[in-house]
Amino acid sequence: MKSNTHQKGFSLIELLIVVAIIGIIAAIAIPNLLASRRAANEASAIASIRTMTSAEATYAATVGQGAYGTLALLNGQGLIDSVLANADVTPKSGYLFNATPSGAGTAASPFAYVTGTAPAQYSGVTATGTRKFCSDTTGVVNAVTAADSTPASASCAGTPIGNN
């Protein structure tokens, strides 16, 4: 009978060490991946707010006769796409959006608007973002730490983007 003293392959200990190393690498990489995704979602939200700000100005100068529009009105004029127009219900890149026009167009109550966005999930491991963004008739995009998933609609407060 011949003995098998020259077996080839990996021992159980060697395989367990490899699995442990892969686990350590994953534990380091996954939080960075999630942080990168949140940063990308926030960058997309800021770009969308800027798009909405431009769309509001165009709407008011053309068909709005000085008045601003809602997401549906802006989409109806082809100023924003349907994904952004429906982002008040279905998140776009993890953020919910709204556009709230106001005013009666008089000296006492001039036309105004607030566009806002908030992360659909603002805390925990599954957070899609950590800040809310808004803009109003000034055209300045402001940011504030998210404490809920409701986009700004009445007023736009926070720190202007790029000044923090």
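Could you list log10 I(q)/I(0) for the range 49-114 at q = 0.19, 0.21, 0.22 Å⁻¹, which the Debye formula gives when each Cα is one point scatterer? Debye curve over Cα of the range 49-114, log10 I(q)/I(0) at q = 0.19, 0.21, 0.22 Å⁻¹: -0.67, -0.79, -0.85. Extents of the range 88-135, largest first, come to 48, 18, 10 Å (Cα atoms, principal axes, whole angstrom). Mean separation of Cα pairs under 8 Å and 6 or more residues apart, divided by the residue count, gives the chain a relative contact order of 17 percent. Kirkwood's formula applied to the C-alpha pairs of the chain gives a hydrodynamic radius of 18.4 angstrom.
Taking the 1.4 Å solvent-accessible surface of the chain as the whole, the part contributed by carbon and sulfur is 61%. Using just its DSSP H runs of length 4 or more, each adding -39500 (n - 2.57), the chain gives a mean residue ellipticity at 222 nm of -12500 deg cm²/dmol after division by all residues. Against the chain, whose longest principal axis is taken from its Cα atoms, helix 12-61 shows a tilt of about 10°. Compute for the range 6-60: radius of gyration divided by Kirkwood radius, i.e. Rg/Rh, restricted to C-alpha atoms, rounded to two decimals. Here the Rg-to-Rh quotient is 1.55.
Distance between the modelled labels on Ile24 and Gln65, one decimal in nanometres: 7.2 nm (7 Å Cα→Cβ projection).
Solvent-accessible area per residue in the range 45-136 equals 45 Å², computed with a 1.4 angstrom probe and all protein chains kept.
The values are calculated or read from the model by the stated rules, or taken from the named source; none is laboratory data. As the structure is a computational prediction, the values presented were derived from the model and not from experiment. Note that each Cβ is placed from the backbone with ideal geometry, even for glycine, and that neighbours are counted across all protein chains shown. Note: accessible area is taken over every heavy atom of the protein model, side chains too, but ligands, DNA and RNA are not part of it. Shrake-Rupley method; radii C 1.70, N 1.55, O 1.52, S 1.80 Å.
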